[in-house]
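Read the structure below first, then the notes.
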Amino acid sequence: MLSQQTIDIVKSTAPILQEHGETLTKHFYKRMFSHNPEVAPYFNPANQAEGTQQRALAGAICAYAANIDNLEVLGSAVELIAHKHASLMIKPEHYPIVGENLLASIREVLGEGATDDVINAWGEAYGFLADILTGREKQIYDDNAEKPGGWDGFRNFKVDKKEKESSVITSFYLKPEDGGALPDYLPGQYITVRMPTPDGSTTMRNYSLSDKPGQDYFRISVKRESGPKADTPKGYVSNKLHDDIEVGDVIEVGPPCGEFFLNLNDRHERPLVLLAAGVGITPILSIMKSAIDSMPEREIIFVHGCLNEDVQPFKGTIDELTEKHPKLKIHYRYSDPETEGVKREGNCSTGFVDAALIESLLPDRHADYYFCGPKPFMVGIYQDLLKWGIPGNQVHFEFFGPKEELQAAA
């Protein structure tokens, strides 16, 4: 356990870190990549360029400092981080690198405010958190290796099929190169794809599994990412998958991870509401297919928001599911205006996915909610559910990016 002196010192530094948090984390990443370039492959350069990783780390440090005497409230954050770390194969030997650079950054940024007592307290606090995370990560590694068909590290998968789902999204059907079995996974989870880079290193990205468990393949459905700003690089891995990877090619894949999933053992009378925007449909589609199979009598409401019909994936698949399952209600929402020859009616409409639309489909609001999509969509849904007073155990979401970005905005 942490000493009371350490708890007191760390809590007393929380306001200072709140004030200088982003400056500190920018300095930290710059310092670490300079002193320990070997860890760079574990980080997304686009998130670095946009500053989302720096802001997320600043928020996490401040939350840890403020709650260091009540760490139970950070349990969900620890689970999220542990799964993310396990998906990227971060091991105990990486923690001292981060700790050394973090403490040095605190001293270098805060100057005289970073006394020996402050540095020692943060060193003890960091070590305590590292022990919690490495312990949970070991459990995840062990579970992934020991389950039937499971493995540790990266495994070679062959692209068995490549299927265009829309103008921007392509699905990749992946099978083990060794012909071995696949492990089961939870609907909503993701796998990691590791790709070589031109400089001789590697880079990794997480992609949600977009089909239900129990198949003889893993399927990921990848959106081609272009840089949102002139100074932001386009998605290296997504573009390489779209342009260079063909049927028969082999890629490296890590085992399924993730704390966002539908627990198929939980049975409820209340409806299941699944909300997706853009490529956020990928984990939601896995959840929807699994829910239909395991709880066919449950009312399921599915809403997919996207720009227009051209970029919309899986419409044929979802329409077919609706015809077969009367308990499934669907609605498509497009933010772009109708084009000539297109008539949106029935379960199609123009606008954004918002509280009014959800209420029109479920007037009493009482349901389990699962949602995934880009930040503006996520923030809007998250705020609406908070205003409605939906209990936290009925609100589940996957955010493609540092989750602190969502919660800070909401």
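In debye, nearest 20, what is the charge dipole magnitude of the stretch 155-257 about its Cα centre with +1 on Lys and Arg Cβ and -1 on Asp and Glu Cβ, if you could check?
280
What translational diffusion coefficient, in µm²/s and rounded to a whole number, does the Stokes-Einstein relation yield for the chain at 25 °C and a viscosity of 0.890 mPa s, taking the hydrodynamic radius as the Kirkwood radius over Cα pairs?
For these conditions, the coefficient is 108 µm²/s.
What does the helix-only formula give at 222 nm for the chain: each DSSP H stretch with n ≥ 4 adding -39500 (n - 2.57), the total divided by the residues, and the result rounded to the nearest 500 deg cm²/dmol?
-13500 deg cm²/dmol
Using the Karplus equation 6.51 cos²θ - 1.76 cosθ + 1.60 (θ = phi - 60°), what ³J(HN,Hα) coupling, rounded to whole Hz, does each residue of the stretch 71-88 give in order, writing x for Gly and Pro?
Rounded to whole hertz, the list is 5, 4, 5, 9, x, 5, 5, 4, 5, 4, 5, 4, 5, 5, 4, 5, 5, 9.
Tell me the relative contact order for the stretch 155-257 as a rounded percent, counting alpha carbon contacts under 8 Å between residues six or more apart.
It rounds to 36 percent for the stretch 155-257.
Ordered by residue, what ³J(HN,Hα) values in Hz, to whole numbers, does the stretch 39-51 give under the Karplus form 6.51 cos²θ - 1.76 cosθ + 1.60, where θ = phi - 60° and Gly and Pro are x?
Per residue, the Karplus-derived 3J(HN,Hα) values read 8, 4, x, 7, 10, 7, x, 5, 5, 5, 5, 7, x Hz.
Mind checking which of GLY305, GLY179, GLY150 has the largest fluctuation in a GNM of the chain, springs on alpha carbons under 10 Å?
Maximum among the listed residues: GLY179.
I'd like to know which of TYR370, SER335, HIS268 lies farthest towards the positive end of the charge dipole of the stretch 263-402, counting +1 on Cβ of Lys and Arg and -1 on Cβ of Asp and Glu.
My answer, from the dipole projection, is HIS268.
When N is the residue count of the stretch 1-95, what does its C-alpha Rg come to as a fraction of 2.2 N^0.38 Å?
Rounded to two decimals, the normalised Rg is 1.16.
Extending each Cα 7 Å along its Cβ direction at ASN265 and ARG365, get the distance between those two points in nm, one decimal.
It works out to 3.2 nm between the two label points.
What size of dipole, in debye to the nearest 20, comes out for the stretch 284-410 about its Cα centre when the only charges are +1 on Lys and Arg C-beta atoms and -1 on Asp and Glu C-beta atoms? Please list the in-between numbers first.
Values: 13 positive and 20 negative charges, 50 e Å.
Computed charge dipole of the stretch 284-410: roughly 240 debye.
Give me the distance between the Cα centres of the stretch 26-80 and the stretch 317-364, rounded to whole Å.
38
Got the relative contact order for the stretch 4-146 handy, in percent, Cα pairs under 8 Å and 6 or more residues apart?
Relative contact order for the stretch 4-146 comes out at 37 percent.
Using the Cβ atoms and a cut-off under 13 Å, what net charge is assigned to the surroundings of ALA125, where Lys and Arg are +1 and Asp and Glu are -1?
-4
By how many nm would the segment from ASP249 to PHE43 grow when fully extended, if each residue of separation counts as 0.36 nm and the alpha-carbon distance is taken off?
Full extension of this stretch gives 71.7 nm more.
Can you tell me how the stretch 155-257 classifies by the Cα gyration tensor, rounded, prolate or oblate, using a/c under 1.5 as the rounded cut?
The shape class here is prolate.
Report the charge-dipole magnitude of the chain in Debye, nearest 20, computed about the Cα centre from +1 at each Lys and Arg Cβ and -1 at each Asp and Glu Cβ.
In debye, rounded to 20, the chain gives about 600.
Taking amide hydrogens as modeled 1.01 Å from N in the peptide plane, which residues meet the under 5 Å criterion relative to THR203, leaving out close sequence neighbours?
MET195, THR197
Using a basic spin-label model with each label point 7 Å from the Cα along Cα→Cβ, how many nm lie between GLU93 and ASP160?
Placing both labels 7 Å along Cα→Cβ, they lie 3.5 nm apart.
Near GLY235, within a Cβ-to-Cβ distance under 9 Å, what is the net charge of the other residues, with Lys and Arg +1 and Asp and Glu -1?
+4
Once label points are set 7 Å from the Cα along Cα→Cβ at both GLU299 and GLU323, what is their separation, rounded to one decimal in nm?
Placing both labels 7 Å along Cα→Cβ, they lie 2.6 nm apart.
Note down the net charge around ALA114, summing +1 for each Lys or Arg and -1 for each Asp or Glu among other residues with Cβ under 9 Å from its Cβ.
-2
Near the amide H of SER210, under 5 Å away, which other amide H atoms are found, from residues 5 or more places off or on another chain, if H is placed in the peptide plane?
Residues meeting the criterion, in which the H sits 1.01 Å from N, are ARG219, ILE220, SER221.
Take the residue pairs LYS175/LYS240; LYS223/LYS315; LYS162/LYS223; LYS212/LYS387; LYS158/LYS212; LYS30/LYS158 and return only those whose Cα atoms are more than 25 Å apart.
LYS212/LYS387; LYS30/LYS158
Hey, can you grab everything whose amide H is under 5 Å from the amide H of SER171? Only 5+ residues off in sequence or another chain; H modelled, so Pro and N-termini drop out.
GLU163, LYS164, GLU165, VAL222
First measure r as the distance between the Cβ atoms of GLN383 and ASP143, then evaluate 1/(1 + (r/R0)^6) with R0 = 35 Å and state the FRET efficiency to the nearest 0.05.
For R0 = 35 Å, the calculated efficiency reads 0.50.
Most exposed first by the Cβ proxy, i.e. fewest other Cβ within 10 Å, how do ARG365, ARG55, ARG267 rank?
If I rank by nearby Cβ atoms, fewest first, I get ARG267, ARG365, ARG55.
What FRET efficiency, computed as 1/(1 + (r/R0)^6) with R0 = 56 Å and r the Cβ-Cβ distance, is obtained for ARG344 and GLN5, rounded to the nearest 0.05?
0.30
Every number here is computed from the coordinates shown, using simple stated rules; none is lab data. From a predicted model like this one, the values you see are computed outputs, not experimental measurements. Cβ: placed from backbone, ideal geometry, glycine included. Neighbour counts: every protein chain shown.
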